[in-house]
1. Determine whether segment 177-191 contains at least one residue that is assigned to a loop (DSSP other than H, G, I, E, B), within 13 Å of the ligand (Cβ to nearest atom) and touching a residue at least 60 places away in the same chain (Cβ under 8 Å).
2. Give the residue that is nearest to the ligand (Cβ to nearest atom), with candidates limited to residues of segment 234-280 that are among the aromatic types (Phe, Trp, Tyr) and closer than 30 Å to His45 by Cβ.
3. Please go through segment 392-412 and give me each residue that is within 18 Å of Pro346 (Cα to Cα) and buried (at least 16 other Cβ atoms within 10 Å of the Cβ), ordered by number.
4. Would you mention how many residues in segment 95-120 are aromatic (Phe, Trp, Tyr) and more than 16 Å from the ligand (Cβ to nearest atom)?
5. Please work out if Thr200 is touching a helix residue (DSSP H, G or I) at 6+ places or on another chain (Cβ under 7 Å), at pLDDT 95 or above, hydroxyl-bearing (Ser, Thr, Tyr) and part of a helix (DSSP H, G or I).
6. Being of a type in the set (A, V, I, L, M) and within 22 Å of the chain's Cα centre (by Cα) is the requirement here; does Ala19 meet it?
7. Only one of Gly246, Gly305 is among the small types (Gly, Ala, Ser) and within 18 Å of Ser153 (Cα to Cα); which?
8. Does any residue in segment 116-132 that is closer than 17 Å to Lys194 by Cα come within less than 7 Å, Cβ to Cβ, of a residue that is among the aliphatic types (A, V, I, L, M) six or more places away or on a different chain, and which pairs are these?
Amino acid sequence: MKQLILLIIYLLTFLNLSAQVNDSIVDWFKDSKLGMFIHWGLYSHTAGDWKGRPSKGAEHFMLYERIPLKEYSKIANEFDPVDFNASDWVKKAKYAGMKYMIVTAKHHDGFAMYDSKVSDYNIVKRTPFARDPMSEIIKACREEGLKFGFYYSLGRDWENPNVPTNWPVKGGRSNTWDYPDEDNKRLEIYIEEKVKPQITELLTNYGEIDFIWFDTPELVTKEQSLELRKLIFKIQPNCMVNQRIGNNYGDYEIVEQKLNNDIRKEPWEACLTMGKNWSFNKYDTIYKKPDILIRHFVDIVSKGGNLLLNIGPDGKGCFPVQTEPGLAEFHNWLGKYGEAIYGTQPWRVYGENLMQQVESERINENFHDAEYDGTPQEIVPDFRYTNKDNIVYIIVRHVEDKEYVLSSFTSDDRIKSIESIDSNMSVKWKIIEEKLKISVFGKKKDLIYVLKVNLLD
Ligand code: FHN
């Protein structure tokens with residue numbers, strides 16, 4: 001009898017712990033390095049306006065403006081993205097070197113951007129568009145060879161009466177204007193009646209789904225996170241889930257609108273906006289410069305992460321024109337230096353600054369929810385490293401000097417040769433006093449360029 005009980009305990013433990021994807025899928029994720037994030041919903045149609053004036057908050061404006069559900073839901077009557085073309089979106093992502101797409105199936109407003117049988121509060125039933133964009137995007141991803149995932153707002157839903165929150169104060173991210181009785185909201189009812197059925201239909205009706213990208217787990221309990229993880233694993237065992245499922249039941253960590261300070265061994269992803277907001281906002285016209293986006297990208301990769309770069313399409317279904325220079329730069333830069341990115345892993349150190357003790361980038365820590373950008377704003381001349389087999393790539397970031405000394409290398413590295421991936425440049429090098437002195441010659445064409453260090457086997 002004792003052996004039987006022990007066997008049952010072992011099996012239950014194994015089943016709990018095994019609700020995670022296998023290593024080959026995690027390896028694919030870590031090798032892929034770059035994905036596209038899409039925030040698209042009713043808020044894309046209002047685009048930063050409300051009642052004839054700029055609204056407070058982009059995709060959060062229902063909350064910030066305390067808009068009654070009855071009023072907010074009327075936006076659906078006008079949502080008609082006549083220029084939406086899924087193939088165009090996916091081809092732009094592929095052109096930029098992106099290997100997967102994550103698209104908002106349901107954001108905090110609770111509106112389903114897909115043909116939900118669980119709730120009629122969805123794009124097919126409630127808008128003149130009356131199509132399911134998710135099925136079209138997924139079809140295009142399969143045609144272009146990109147993986148696909150659904151974004152799903154887990155712990156915030158302003159349509160449902162049973163979703164309490166407590167950040168930054170009790171009810172701080174809840175719909176307390178339609179549903180004021182915060183203390184009597186029953187999260188388990190929302191999980192059972194909306195979340196689980198919608199996650200089930202998302203994983204059942206669209207073929208193979210590669211990611212569920214949960215957001216804002218808020219007050220979701222350990223048991224609820226585990227039940228969701230096992231539900232996903234049961235329907236699609238190869239579907240990766242991020243840590244915003246809550247309670248550490250995800251397959252990979254998320255950092256948002258900031259960079260990590262150092263290498264992280266476990267799989268992780270940084271999600272960054274191209275402009276200031278996640279969703280389209282007509283007043284958000286200043287987008288990050290292309291070289292700054294590449295700068296952040298190579299930093300993330302040097303520390304073992306992926307970049308999930310966000311675009312907020314407008315109410316007609318088009319990418320903002322301001323995204324074009326950034327997407328083109330990713331295409332050009334990766335077309336030239338992609339070998340230093342795809343399939344690489346961190347080296348023993350992620351990088352170093354110029355020897356003149358230039359102060360390293362400061363990471364802005366004062367996070368305060370959606371409208372925030374904690375990525376470094378200043379440009380520091382420095383170096384990032386990646387590694388593949390017996391090659392170390394030196395990614396030279398905004399360095400004007402033609403000669404520099406790197407202390408991360410020593411004679412122990414047994415360097416065989418160093419070459420410039422950009423054929424317009426040549427390299428001379430030598431180890432002096434256990435440091436690597438490099439001189440580059442020729443015209444530097446890129447603000448961020450790559451040298452390839454070949455090590456002896
Ligand atoms: O509140 C959301 C926000 O709108 C956006 O979806 C980001 C993306 O990671 N997540 C939440 C803020 O942390």
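The values are calculated or read from the model by the stated rules, or taken from the named source; none is laboratory data. Everything quoted here is computed from the prediction, not taken from an experiment. Note: ideal-geometry Cβ built from the backbone for every residue, glycine included; neighbour counts use all protein chains shown.
1. Let us first name the residues in segment 177-191 that are assigned to a loop (DSSP other than H, G, I, E, B), namely 177-181, 185-186.
Checking the rest, the ones that are also within 13 Å of the ligand (Cβ to nearest atom) come to none.
Checked against the condition, which is being assigned to a loop (DSSP other than H, G, I, E, B), within 13 Å of the ligand (Cβ to nearest atom) and touching a residue at least 60 places away in the same chain (Cβ under 8 Å), segment 177-191 yields no hits at all.
2. Within segment 234-280, the first condition is being among the aromatic types (Phe, Trp, Tyr), and the residues that meet it are 249, 252, 268, 278, 280.
So of that shortlist, the ones also closer than 30 Å to His45 by Cβ come out as 278, 280.
Working: Trp278: 4, Phe280: 12 Å.
Among those that are among the aromatic types (Phe, Trp, Tyr) and closer than 30 Å to His45 by Cβ, it is Trp278.
3. Let us first name the residues in segment 392-412 that are within 18 Å of Pro346 (Cα to Cα), namely 392-397, 406-410.
Within segment 392-412, Val392, Tyr393, Ile394, Ile395, Val396, Arg397, Leu406, Ser408, Phe409 meet the criteria.
4. Number satisfying all stated conditions: 2.
5. Working: touching a helix residue (DSSP H, G or I) at 6+ places or on another chain (Cβ under 7 Å): yes; at pLDDT 95 or above: yes; hydroxyl-bearing (Ser, Thr, Tyr): yes; part of a helix (DSSP H, G or I): yes.
When the stated conditions are applied, Thr200 passes them.
6. Values: of a type in the set (A, V, I, L, M): yes; within 22 Å of the chain's Cα centre (by Cα): no.
When the stated conditions are applied, Ala19 does not pass them.
7. Working: Gly305 fails: within 18 Å of Ser153 (Cα to Cα).
Answer to the selection: Gly246.
8. Between residues of segment 116-132 that are closer than 17 Å to Lys194 by Cα and residues that are among the aliphatic types (A, V, I, L, M), the close pairs are Ser119/Ala112; Tyr121/Ala112; Asn122/Ala112; Ile123/Ala112; Ile123/Met113.
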